[in-house]
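The values are calculated or read from the model by the stated rules, or taken from the named source; none is laboratory data. In this text, all values refer to a predicted model and were calculated from it rather than measured experimentally. Glycine gets a Cβ as well: all are built from the backbone with ideal geometry, and neighbour counts include every protein chain shown.
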(Lines give C-alpha, C1' and ligand atoms only; values in the text may rest on other atoms or scores of the structure.)
Protein backbone atom coordinates (compact mmCIF):
# COMPACT_ATOMS: atom_id res chain seq x y z
CA UNK A 1 0.00 0.00 0.00
CA UNK A 2 1.28 3.41 -0.91
CA UNK A 3 1.59 5.96 1.87
CA UNK A 4 -0.99 8.23 0.36
CA UNK A 5 -3.50 5.39 0.10
CA UNK A 6 -3.20 4.85 3.81
CA UNK A 7 -4.88 8.16 4.47
CA UNK A 8 -7.78 7.32 2.22
CA UNK A 9 -8.56 3.86 3.55
CA UNK A 10 -7.79 3.87 7.27
CA UNK A 11 -9.34 5.53 10.26
CA UNK A 12 -6.85 8.31 9.78
CA UNK A 13 -9.42 10.08 7.67
CA UNK A 14 -12.78 11.04 9.00
CA UNK A 15 -14.69 11.27 5.79
CA UNK A 16 -12.53 9.01 3.68
CA UNK A 17 -11.67 11.99 1.55
CA UNK A 18 -8.62 14.12 1.52
CA UNK A 19 -9.75 17.50 2.71
CA UNK A 20 -6.97 19.46 1.14
CA UNK A 21 -4.07 18.96 -1.22
CA UNK A 22 -1.66 21.59 -2.39
CA UNK A 23 0.91 21.24 -5.07
CA UNK A 24 3.30 24.07 -4.62
CA UNK A 25 5.09 25.72 -7.55
CA UNK A 26 7.21 23.21 -9.39
CA UNK A 27 10.94 23.71 -9.31
CA UNK A 28 12.51 20.32 -8.91
CA UNK A 29 10.91 16.94 -8.85
CA UNK A 30 9.83 16.10 -5.32
CA UNK A 31 10.53 12.63 -4.02
CA UNK A 32 7.37 12.25 -1.93
CA UNK A 33 4.56 14.53 -0.82
CA UNK A 34 4.57 15.67 2.79
CA UNK A 35 1.69 14.03 4.65
CA UNK A 36 0.16 15.71 7.69
CA UNK A 37 -2.85 14.20 9.49
CA UNK A 38 -4.42 14.15 12.92
CA UNK A 39 -6.37 16.55 15.11
CA UNK A 40 -9.28 18.28 13.44
CA UNK A 41 -8.55 21.19 15.79
CA UNK A 42 -5.19 21.64 14.09
CA UNK A 43 -6.40 21.24 10.50
CA UNK A 44 -7.44 24.88 9.94
CA UNK A 45 -4.10 26.06 11.30
CA UNK A 46 -2.15 23.73 9.05
CA UNK A 47 -4.17 25.10 6.13
CA UNK A 48 -3.41 28.66 7.25
CA UNK A 49 0.32 27.88 7.19
CA UNK A 50 0.48 26.30 3.76
CA UNK A 51 0.12 29.32 1.44
CA UNK A 52 2.90 31.21 3.24
CA UNK A 53 5.09 28.08 3.42
CA UNK A 54 4.52 27.47 -0.27
CA UNK A 55 6.12 30.79 -1.22
CA UNK A 56 9.47 29.39 -0.07
CA UNK A 57 9.16 25.79 -1.15
CA UNK A 58 9.42 24.72 -4.72
CA UNK A 59 7.76 21.53 -5.82
CA UNK A 60 6.84 20.19 -2.41
CA UNK A 61 3.37 18.70 -2.39
CA UNK A 62 1.62 18.75 0.97
CA UNK A 63 -1.44 16.70 1.80
CA UNK A 64 -3.27 17.37 5.02
CA UNK A 65 -6.22 15.73 6.70
CA UNK A 66 -8.00 15.36 10.05
CA UNK A 67 -8.92 12.05 11.61
CA UNK A 68 -8.10 12.81 15.24
CA UNK A 69 -4.96 13.14 17.34
CA UNK A 70 -4.64 9.46 18.16
CA UNK A 71 -5.20 8.20 14.60
CA UNK A 72 -2.59 10.69 13.40
CA UNK A 73 -0.08 9.49 15.96
CA UNK A 74 -0.63 5.86 15.05
CA UNK A 75 -0.26 6.66 11.35
CA UNK A 76 3.01 8.48 12.12
CA UNK A 77 4.37 5.57 14.13
CA UNK A 78 3.50 3.16 11.32
CA UNK A 79 5.34 5.33 8.85
CA UNK A 80 2.19 6.16 6.91
CA UNK A 81 2.49 9.91 7.39
CA UNK A 82 5.27 12.41 8.11
CA UNK A 83 3.68 14.67 10.69
CA UNK A 84 0.91 13.95 13.20
CA UNK A 85 -1.09 17.00 14.26
CA UNK A 86 -2.15 16.84 17.91
CA UNK A 87 -4.26 19.13 20.07
CA UNK A 88 -2.95 17.67 23.34
CA UNK A 89 0.31 16.49 24.84
CA UNK A 90 1.58 13.01 24.20
CA UNK A 91 0.56 10.66 26.96
CA UNK A 92 3.26 8.72 28.75
CA UNK A 93 2.17 5.47 27.14
CA UNK A 94 2.32 7.04 23.67
CA UNK A 95 5.80 8.41 24.17
CA UNK A 96 8.01 5.58 22.97
CA UNK A 97 11.10 7.73 22.56
CA UNK A 98 10.87 7.47 18.75
CA UNK A 99 8.79 10.60 18.27
CA UNK A 100 9.04 14.20 19.42
CA UNK A 101 6.41 16.88 19.63
CA UNK A 102 6.92 20.44 18.46
CA UNK A 103 4.68 23.00 20.17
CA UNK A 104 3.55 25.55 17.58
CA UNK A 105 0.69 27.46 19.20
CA UNK A 106 -1.64 27.65 22.14
CA UNK A 107 -5.19 28.66 22.83
CA UNK A 108 -7.88 27.73 25.33
CA UNK A 109 -11.55 27.06 25.76
CA UNK A 110 -13.49 29.61 27.80
CA UNK A 111 -16.57 28.60 29.78
CA UNK A 112 -18.94 31.51 29.35
CA UNK A 113 -22.09 33.00 30.87
CA UNK A 114 -24.07 36.18 30.39
CA UNK A 115 -22.30 39.23 31.84
CA UNK A 116 -24.85 39.60 34.66
CA UNK A 117 -24.48 36.03 35.94
CA UNK A 118 -23.23 36.21 39.55
CA UNK A 119 -21.36 32.85 39.37
CA UNK A 120 -17.76 33.74 38.56
CA UNK A 121 -16.06 30.36 38.81
CA UNK A 122 -16.48 26.66 38.11
CA UNK A 123 -14.27 23.60 38.49
CA UNK A 124 -13.19 21.40 35.62
CA UNK A 125 -15.21 18.51 37.10
CA UNK A 126 -18.28 20.75 37.32
CA UNK A 127 -17.86 21.72 33.65
CA UNK A 128 -17.94 18.02 32.79
CA UNK A 129 -20.99 17.39 35.00
CA UNK A 130 -22.91 20.36 33.61
CA UNK A 131 -22.22 19.29 30.01
CA UNK A 132 -23.15 15.70 30.90
CA UNK A 133 -26.44 16.86 32.40
CA UNK A 134 -25.54 15.72 35.92
CA UNK A 135 -25.53 19.24 37.34
CA UNK A 136 -28.59 21.11 36.13
CA UNK A 137 -29.17 23.92 38.62
CA UNK A 138 -27.19 27.11 39.20
CA UNK A 139 -27.60 26.54 42.95
CA UNK A 140 -25.13 23.64 42.63
CA UNK A 141 -22.57 26.11 41.27
CA UNK A 142 -23.11 28.58 44.08
CA UNK A 143 -25.63 30.77 42.27
CA UNK A 144 -29.32 31.51 42.81
CA UNK A 145 -31.57 28.48 42.20
CA UNK A 146 -32.72 28.05 38.63
CA UNK A 147 -32.04 25.71 35.72
CA UNK A 148 -28.77 25.92 33.81
CA UNK A 149 -29.49 26.43 30.12
CA UNK A 150 -26.60 24.64 28.45
CA UNK A 151 -25.82 25.96 24.99
CA UNK A 152 -23.60 23.45 23.25
CA UNK A 153 -22.08 23.47 19.81
CA UNK A 154 -23.46 21.04 17.25
CA UNK A 155 -21.50 17.80 16.70
CA UNK A 156 -18.81 18.54 14.13
CA UNK A 157 -17.52 21.58 16.00
CA UNK A 158 -13.82 21.11 16.65
CA UNK A 159 -14.10 22.92 19.97
CA UNK A 160 -16.87 20.55 21.04
CA UNK A 161 -14.72 17.61 19.92
CA UNK A 162 -11.82 18.88 22.03
CA UNK A 163 -14.09 19.19 25.07
CA UNK A 164 -15.39 15.63 24.49
CA UNK A 165 -11.86 14.26 24.27
CA UNK A 166 -10.23 16.27 27.04
CA UNK A 167 -12.85 17.29 29.58
CA UNK A 168 -15.69 14.76 29.48
CA UNK A 169 -13.49 11.87 30.68
CA UNK A 170 -15.60 9.26 28.91
CA UNK A 171 -18.96 10.79 29.95
CA UNK A 172 -21.43 11.67 27.19
CA UNK A 173 -22.64 15.19 26.63
CA UNK A 174 -26.31 15.66 27.42
CA UNK A 175 -28.46 15.48 24.29
CA UNK A 176 -31.43 17.64 25.13
CA UNK A 177 -29.70 20.98 25.14
CA UNK A 178 -29.70 23.89 22.75
CA UNK A 179 -27.20 23.41 19.93
CA UNK A 180 -25.68 26.50 18.38
CA UNK A 181 -24.71 26.18 14.70
CA UNK A 182 -21.68 28.44 15.11
CA UNK A 183 -19.47 30.03 17.73
CA UNK A 184 -21.02 33.42 16.98
CA UNK A 185 -24.53 32.00 17.45
CA UNK A 186 -23.46 30.45 20.75
CA UNK A 187 -21.99 33.73 21.98
CA UNK A 188 -25.15 35.70 21.24
CA UNK A 189 -27.42 33.00 22.71
CA UNK A 190 -25.40 33.04 25.93
CA UNK A 191 -25.16 36.83 26.04
CA UNK A 192 -28.93 37.19 25.96
CA UNK A 193 -29.77 34.55 28.57
CA UNK A 194 -28.77 35.06 32.22
CA UNK A 195 -29.21 31.31 32.90
CA UNK A 196 -27.10 30.13 29.97
CA UNK A 197 -23.71 28.40 30.06
CA UNK A 198 -21.61 27.56 27.02
CA UNK A 199 -18.02 27.32 25.85
CA UNK A 200 -16.00 29.15 23.22
CA UNK A 201 -12.47 28.89 21.86
CA UNK A 202 -10.49 32.02 22.76
CA UNK A 203 -10.53 33.22 19.12
CA UNK A 204 -14.34 33.25 19.25
CA UNK A 205 -14.63 35.11 22.58
CA UNK A 206 -16.73 38.24 22.32
CA UNK A 207 -17.14 41.14 24.71
CA UNK A 208 -20.79 40.37 25.39
CA UNK A 209 -20.16 37.13 27.32
CA UNK A 210 -18.30 36.56 30.59
CA UNK A 211 -15.63 33.85 30.88
CA UNK A 212 -15.69 31.96 34.19
CA UNK A 213 -12.56 31.20 36.17
CA UNK A 214 -11.88 27.45 36.01
CA UNK A 215 -10.43 25.83 39.17
CA UNK A 216 -9.92 29.38 40.42
CA UNK A 217 -7.78 30.46 37.44
CA UNK A 218 -8.94 33.23 35.11
CA UNK A 219 -8.43 32.72 31.39
CA UNK A 220 -5.77 35.03 29.98
CA UNK A 221 -2.63 35.21 27.90
CA UNK A 222 -0.31 34.53 30.87
CA UNK A 223 -2.32 31.63 32.33
CA UNK A 224 -2.63 29.98 28.91
CA UNK A 225 1.12 30.22 28.25
CA UNK A 226 1.92 28.91 31.74
CA UNK A 227 -0.68 26.17 31.34
CA UNK A 228 -2.22 27.00 34.71
CA UNK A 229 -5.61 27.68 33.12
CA UNK A 230 -7.07 24.15 33.05
CA UNK A 231 -8.71 24.25 29.60
CA UNK A 232 -5.55 25.27 27.78
CA UNK A 233 -4.94 23.67 24.39
CA UNK A 234 -1.40 23.11 23.30
CA UNK A 235 -1.06 22.35 19.61
CA UNK A 236 1.76 20.15 18.40
CA UNK A 237 3.24 18.75 15.26
CA UNK A 238 4.64 15.35 16.16
CA UNK A 239 7.43 13.88 14.06
CA UNK A 240 9.91 11.08 14.25
CA UNK A 241 12.98 12.06 16.28
CA UNK A 242 15.16 12.50 13.20
CA UNK A 243 12.76 13.89 10.63
CA UNK A 244 13.55 14.00 6.94
CA UNK A 245 14.63 17.25 5.30
CA UNK A 246 11.20 18.44 4.02
CA UNK A 247 9.71 17.86 7.48
CA UNK A 248 12.50 19.86 9.06
CA UNK A 249 11.92 22.70 6.60
CA UNK A 250 8.22 22.74 7.48
CA UNK A 251 9.00 22.82 11.23
CA UNK A 252 11.53 25.62 10.73
CA UNK A 253 8.90 27.61 8.89
CA UNK A 254 6.25 27.01 11.57
CA UNK A 255 8.64 28.39 14.18
CA UNK A 256 9.67 31.38 12.07
CA UNK A 257 8.17 34.85 12.55
CA UNK A 258 6.36 34.48 9.23
CA UNK A 259 4.85 31.14 10.19
CA UNK A 260 3.77 32.38 13.59
CA UNK A 261 2.29 35.53 12.00
CA UNK A 262 0.14 33.31 9.79
CA UNK A 263 -1.34 31.66 12.90
CA UNK A 264 -2.07 34.88 14.77
CA UNK A 265 -4.56 36.14 15.86
CA UNK A 266 -6.48 32.84 15.98
CA UNK A 267 -3.75 31.28 18.12
CA UNK A 268 -1.32 32.57 20.70
CA UNK A 269 2.10 32.49 19.09
CA UNK A 270 4.78 30.54 20.96
CA UNK A 271 7.83 31.89 19.12
CA UNK B 1 2.41 41.35 19.19
CA UNK B 2 6.13 41.28 18.49
CA UNK B 3 8.06 38.55 20.17
CA UNK B 4 11.62 39.13 21.26
CA UNK B 5 12.17 35.59 22.45
CA UNK B 6 10.61 32.47 23.87
CA UNK B 7 11.39 29.96 26.59
CA UNK B 8 9.79 26.53 26.43
CA UNK B 9 9.91 24.63 29.70
CA UNK B 10 8.94 21.02 30.26
CA UNK B 11 9.45 18.28 32.82
CA UNK B 12 8.92 17.35 36.43
CA UNK B 13 5.51 17.67 38.07
CA UNK B 14 7.34 18.53 41.31
CA UNK B 15 8.47 21.86 39.88
CA UNK B 16 5.35 22.58 37.87
CA UNK B 17 3.42 24.91 40.21
CA UNK B 18 6.28 27.27 41.18
CA UNK B 19 7.61 27.38 37.60
CA UNK B 20 4.14 28.14 36.18
CA UNK B 21 3.75 30.99 38.66
CA UNK B 22 7.24 32.21 37.77
CA UNK B 23 6.46 32.06 34.04
CA UNK B 24 3.49 34.36 34.57
CA UNK B 25 5.54 36.80 36.66
CA UNK B 26 8.36 36.66 34.11
CA UNK B 27 6.06 37.47 31.18
CA UNK B 28 4.57 40.31 33.20
CA UNK B 29 7.91 42.01 33.65
CA UNK B 30 9.68 41.01 30.42
CA UNK B 31 7.45 42.38 27.68
CA UNK B 32 7.61 40.49 24.42
CA UNK B 33 9.03 37.32 25.98
CA UNK B 34 6.97 34.13 26.01
CA UNK B 35 7.39 31.35 28.57
CA UNK B 36 5.39 28.14 28.13
CA UNK B 37 5.29 25.36 30.71
CA UNK B 38 4.21 21.73 30.39
CA UNK B 39 4.71 18.49 32.31
CA UNK B 40 5.67 15.01 31.19
CA UNK B 41 8.22 14.16 33.89
CA UNK B 42 11.92 14.81 34.34
CA UNK B 43 13.07 12.24 31.77
CA UNK B 44 10.81 13.62 29.08
CA UNK B 45 11.92 17.16 29.88
CA UNK B 46 15.59 16.34 29.47
CA UNK B 47 14.97 14.42 26.28
CA UNK B 48 13.10 17.44 24.92
CA UNK B 49 16.05 19.72 25.68
CA UNK B 50 18.35 17.32 23.83
CA UNK B 51 16.04 16.98 20.81
CA UNK B 52 15.39 20.73 20.73
CA UNK B 53 11.63 20.73 21.45
CA UNK B 54 12.20 22.49 24.82
CA UNK B 55 14.72 25.05 26.10
CA UNK B 56 14.60 24.10 29.77
CA UNK B 57 13.83 20.84 31.54
CA UNK B 58 12.41 20.91 35.05
CA UNK B 59 14.41 18.21 36.77
CA UNK B 60 13.75 16.62 40.14
CA UNK B 61 16.62 14.15 40.06
CA UNK B 62 20.39 14.21 39.82
CA UNK B 63 21.32 14.37 36.13
CA UNK B 64 22.57 10.93 35.20
CA UNK B 65 25.50 10.05 33.02
CA UNK B 66 23.20 8.52 30.42
CA UNK B 67 21.58 11.88 29.68
CA UNK B 68 24.94 13.59 29.32
CA UNK B 69 26.11 10.85 26.96
CA UNK B 70 22.93 11.03 24.92
CA UNK B 71 23.46 14.77 24.51
CA UNK B 72 27.14 14.27 23.66
CA UNK B 73 26.26 11.82 20.89
CA UNK B 74 24.42 14.70 19.21
CA UNK B 75 27.29 17.09 19.83
CA UNK B 76 25.43 18.84 22.65
CA UNK B 77 26.30 19.53 26.25
CA UNK B 78 23.84 19.93 29.12
CA UNK B 79 24.07 22.64 31.79
CA UNK B 80 22.42 22.26 35.21
CA UNK B 81 21.03 25.29 37.08
CA UNK B 82 20.36 24.25 40.68
CA UNK B 83 17.28 26.00 42.11
CA UNK B 84 16.38 24.32 45.39
CA UNK B 85 16.36 21.11 47.37
CA UNK B 86 13.36 19.00 48.06
CA UNK B 87 12.77 16.03 50.34
CA UNK B 88 11.11 12.74 49.49
CA UNK B 89 9.05 11.35 52.33
CA UNK B 90 7.96 7.77 52.81
CA UNK B 91 4.28 7.89 53.68
CA UNK B 92 1.71 5.53 55.15
CA UNK B 93 -1.95 5.52 56.16
CA UNK B 94 -2.59 7.84 59.15
CA UNK B 95 -3.60 4.83 61.31
CA UNK B 96 -0.37 2.94 60.64
CA UNK B 97 1.59 2.76 63.93
CA UNK B 98 5.01 2.70 62.18
CA UNK B 99 6.68 6.10 62.70
CA UNK B 100 10.26 5.64 61.54
CA UNK B 101 12.05 3.50 58.99
CA UNK B 102 15.72 3.12 58.12
CA UNK B 103 16.89 3.31 54.54
CA UNK B 104 17.80 -0.38 54.87
CA UNK B 105 14.20 -1.21 55.85
CA UNK B 106 12.82 0.89 52.98
CA UNK B 107 15.11 -0.87 50.53
CA UNK B 108 13.97 -4.23 51.84
CA UNK B 109 10.30 -3.25 51.43
CA UNK B 110 10.78 -1.80 47.93
CA UNK B 111 12.87 -4.71 46.68
CA UNK B 112 10.16 -7.09 47.87
CA UNK B 113 12.16 -8.83 50.59
CA UNK B 114 10.12 -7.50 53.52
CA UNK B 115 6.45 -8.06 52.84
CA UNK B 116 4.72 -7.80 56.24
CA UNK B 117 4.32 -4.74 58.47
CA UNK B 118 5.06 -6.97 61.53
CA UNK B 119 8.71 -7.08 60.45
CA UNK B 120 8.81 -3.28 60.75
CA UNK B 121 7.11 -3.06 64.15
CA UNK B 122 3.59 -2.72 62.77
CA UNK B 123 0.53 -4.95 62.60
CA UNK B 124 0.53 -8.43 61.07
CA UNK B 125 -0.56 -7.33 57.60
CA UNK B 126 0.90 -7.49 54.09
CA UNK B 127 2.63 -4.37 52.82
CA UNK B 128 1.02 -2.86 49.71
CA UNK B 129 3.89 -1.13 47.89
CA UNK B 130 3.11 1.85 45.64
CA UNK B 131 5.54 3.72 43.39
CA UNK B 132 5.83 5.95 40.30
CA UNK B 133 6.63 5.11 36.72
CA UNK B 134 10.32 5.05 35.82
CA UNK B 135 10.19 8.32 33.80
CA UNK B 136 9.34 10.25 36.95
CA UNK B 137 12.16 12.15 38.64
CA UNK B 138 10.75 11.18 42.02
CA UNK B 139 11.07 7.50 41.15
CA UNK B 140 14.57 8.07 39.83
CA UNK B 141 15.61 9.81 43.05
CA UNK B 142 14.02 7.06 45.15
CA UNK B 143 15.79 4.43 43.12
CA UNK B 144 19.14 6.15 43.50
CA UNK B 145 18.81 6.86 47.23
CA UNK B 146 16.82 3.88 48.53
CA UNK B 147 16.92 0.96 46.13
CA UNK B 148 20.44 1.64 44.82
CA UNK B 149 21.48 -1.66 43.21
CA UNK B 150 18.22 -3.49 43.92
CA UNK B 151 15.28 -3.56 41.52
CA UNK B 152 11.82 -2.58 42.57
CA UNK B 153 9.45 -5.42 43.42
CA UNK B 154 7.22 -6.30 40.47
CA UNK B 155 4.33 -6.33 42.96
CA UNK B 156 4.53 -2.55 43.35
CA UNK B 157 1.46 -0.67 42.10
CA UNK B 158 2.55 2.12 39.74
CA UNK B 159 0.55 5.33 40.14
CA UNK B 160 0.85 9.07 39.51
CA UNK B 161 1.30 11.51 42.39
CA UNK B 162 -2.29 12.34 43.27
CA UNK B 163 -3.45 8.75 42.75
CA UNK B 164 -0.60 7.39 44.88
CA UNK B 165 -1.43 9.76 47.72
CA UNK B 166 -5.13 8.84 47.47
CA UNK B 167 -4.28 5.13 47.54
CA UNK B 168 -2.09 5.47 50.65
CA UNK B 169 -4.77 7.61 52.32
CA UNK B 170 -7.31 4.83 51.73
CA UNK B 171 -5.34 1.62 52.26
CA UNK B 172 -4.14 1.00 55.87
CA UNK B 173 -1.50 -1.43 54.56
CA UNK B 174 -0.06 0.79 51.84
CA UNK B 175 3.31 2.48 51.72
CA UNK B 176 4.33 5.12 49.22
CA UNK B 177 6.69 8.06 48.93
CA UNK B 178 5.96 11.61 48.03
CA UNK B 179 7.70 14.91 47.38
CA UNK B 180 7.45 17.40 50.24
CA UNK B 181 5.40 19.66 47.93
CA UNK B 182 2.63 17.10 47.61
CA UNK B 183 2.39 16.04 51.27
CA UNK B 184 -0.94 16.74 52.92
CA UNK B 185 -2.82 15.56 56.02
CA UNK B 186 -4.46 12.64 54.19
CA UNK B 187 -1.30 10.53 54.64
CA UNK B 188 1.33 10.32 57.40
CA UNK B 189 4.98 10.97 56.64
CA UNK B 190 7.39 8.50 58.23
CA UNK B 191 10.74 9.82 59.51
CA UNK B 192 13.88 8.28 58.05
CA UNK B 193 16.82 7.19 60.22
CA UNK B 194 15.21 9.16 63.08
CA UNK B 195 15.07 12.41 61.09
CA UNK B 196 11.92 14.20 59.99
CA UNK B 197 11.99 16.42 56.90
CA UNK B 198 12.02 20.11 57.83
CA UNK B 199 13.53 23.13 56.10
CA UNK B 200 16.54 22.89 58.45
CA UNK B 201 17.15 19.16 58.08
CA UNK B 202 16.78 19.42 54.30
CA UNK B 203 19.11 22.44 54.03
CA UNK B 204 21.76 20.84 56.27
CA UNK B 205 21.28 17.48 54.49
CA UNK B 206 20.68 15.83 57.88
CA UNK B 207 17.47 14.42 56.37
CA UNK B 208 18.82 11.59 54.22
CA UNK B 209 16.33 11.59 51.32
CA UNK B 210 16.86 14.99 49.79
CA UNK B 211 17.31 15.71 46.11
CA UNK B 212 18.16 18.64 43.89
CA UNK B 213 15.51 20.53 41.92
CA UNK B 214 17.00 22.19 38.90
CA UNK B 215 16.51 23.53 35.42
CA UNK B 216 18.55 21.86 32.69
CA UNK B 217 19.43 23.62 29.44
CA UNK B 218 21.96 23.17 26.70
CA UNK B 219 25.26 24.85 27.37
CA UNK B 220 25.31 28.55 26.38
CA UNK B 221 21.51 29.03 26.24
CA UNK B 222 19.79 31.99 24.57
CA UNK B 223 19.44 35.33 26.32
CA UNK B 224 15.76 34.68 26.99
CA UNK B 225 16.55 31.34 28.65
CA UNK B 226 19.30 32.91 30.76
CA UNK B 227 16.88 35.60 31.87
CA UNK B 228 14.34 33.00 32.97
CA UNK B 229 16.98 31.10 34.96
CA UNK B 230 17.98 34.40 36.61
CA UNK B 231 14.32 35.02 37.47
CA UNK B 232 14.14 31.59 39.16
CA UNK B 233 17.29 32.34 41.17
CA UNK B 234 16.12 35.80 42.26
CA UNK B 235 15.45 35.62 46.04
CA UNK B 236 12.47 37.97 45.70
CA UNK B 237 10.95 36.09 42.74
CA UNK B 238 11.53 32.45 41.73
CA UNK B 239 13.20 31.48 44.99
CA UNK B 240 10.26 32.86 46.94
CA UNK B 241 7.84 30.80 44.83
CA UNK B 242 9.92 27.65 45.35
CA UNK B 243 9.92 28.19 49.13
CA UNK B 244 6.15 28.73 49.12
CA UNK B 245 5.80 25.37 47.37
CA UNK B 246 7.59 23.63 50.26
CA UNK B 247 11.09 23.48 48.78
CA UNK B 248 14.32 24.79 50.26
CA UNK B 249 15.77 27.44 47.90
CA UNK B 250 19.49 27.61 47.21
CA UNK B 251 19.91 31.35 47.75
| Within the stretch A:146-261, which helices (runs of 4 or more DSSP H) (wholly inside it) include 2 or more residues that are out of contact with any strand residue (DSSP E or B) (no Cβ under 8 Å at 6 or more places or on another chain)? | A:158-166, A:183-191, A:245-255
| Of all residues in the stretch B:30-46 being in a helix (DSSP H, G or I), at pLDDT below 95 and more than 9 Å from chain A (Cβ to nearest Cβ), the one that is surrounded by the most Cβ atoms within 10 Å (Cβ to Cβ) | B:42
| field | Test for residue A:190: is it assigned by TED's automatic domain parsing to the domain that holds residue A:116 and buried (at least 17 other Cβ atoms within 10 Å of the Cβ) | value | yes
| message | So, in the stretch A:100-141, how many residues would count as being in contact (Cβ under 8 Å) with a residue 40 or more places away in the chain and either in a strand (DSSP E or B) or at positive phi (or both)? | response | 17
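How many residues does the stretch A:190-221 hold that are within 14 Å of chain B (Cβ to nearest Cβ) and under 19 Å from the mean Cα position of the chain (by Cα)?
Residues of the stretch A:190-221 that are within 14 Å of chain B (Cβ to nearest Cβ), as a first pass: A:215-221.
In the following step, the residues that additionally are under 19 Å from the mean Cα position of the chain (by Cα) were identified as A:219-221.
Of the residues in the stretch A:190-221, 3 are within 14 Å of chain B (Cβ to nearest Cβ) and under 19 Å from the mean Cα position of the chain (by Cα).
Could you tell me which of the residues B:120, B:106, B:78, B:101 is under 23 Å from residue B:143 (Cβ atoms), modelled with pLDDT of 95 or more and not assigned by TED's automatic domain parsing to the domain that holds residue B:195? Before the answer, list the steps.
Details: B:120 fails: not assigned by TED's automatic domain parsing to the domain that holds residue B:195; B:106 fails: not assigned by TED's automatic domain parsing to the domain that holds residue B:195; B:101 fails: not assigned by TED's automatic domain parsing to the domain that holds residue B:195.
Answer to the selection: B:78.
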| said: Can you say whether residue A:72 is touching a strand residue (DSSP E or B) at 6+ places or on another chain (Cβ under 8 Å), farther than 23 Å from residue A:261 by Cα and at pLDDT 90 or above, as far as the supplied structure shows? | reply: yes
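Rundown of residues vs (1) more than 16 Å from residue B:82 (Cβ to Cβ); (2) modelled with pLDDT of 95 or more; (3) surrounded by 17 or more Cβ atoms within 10 Å (Cβ to Cβ), yes/no style:
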{"site": "B:141", "(1), (2), (3)": "no, no, yes"}
{"site": "B:146", "(1), (2), (3)": "yes, yes, yes"}
{"site": "B:149", "(1), (2), (3)": "yes, no, no"}
{"site": "B:176", "(1), (2), (3)": "yes, yes, yes"}
{"site": "B:179", "(1), (2), (3)": "yes, no, yes"}
{"site": "B:188", "(1), (2), (3)": "yes, yes, yes"}
{"site": "B:191", "(1), (2), (3)": "yes, yes, no"}
{"site": "B:214", "(1), (2), (3)": "no, yes, yes"}
{"site": "B:242", "(1), (2), (3)": "no, yes, yes"}
| request: Please state which one of B:19, B:7, B:49, B:80 is assigned to a strand (DSSP E or B), within 13 Å of chain A (Cβ to nearest Cβ) and touching a residue at least 12 places away in the same chain (Cβ under 8 Å). | output: B:7
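Per-residue answers, yes or no, for (1) within 14 Å of chain B (Cβ to nearest Cβ); (2) over 21 Å from the mean Cα position of the chain (by Cα); (3) over 13 Å from residue A:254 (Cβ atoms); (4) crowded, with 22+ Cβ neighbours inside 10 Å:
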residue	(1), (2), (3), (4)
A:44	no, no, yes, no
A:51	no, no, yes, no
A:66	no, no, yes, yes
A:73	no, no, yes, yes
A:86	yes, no, yes, yes
A:90	yes, no, yes, no
A:96	yes, yes, yes, no
A:112	no, no, yes, yes
A:116	no, yes, yes, no
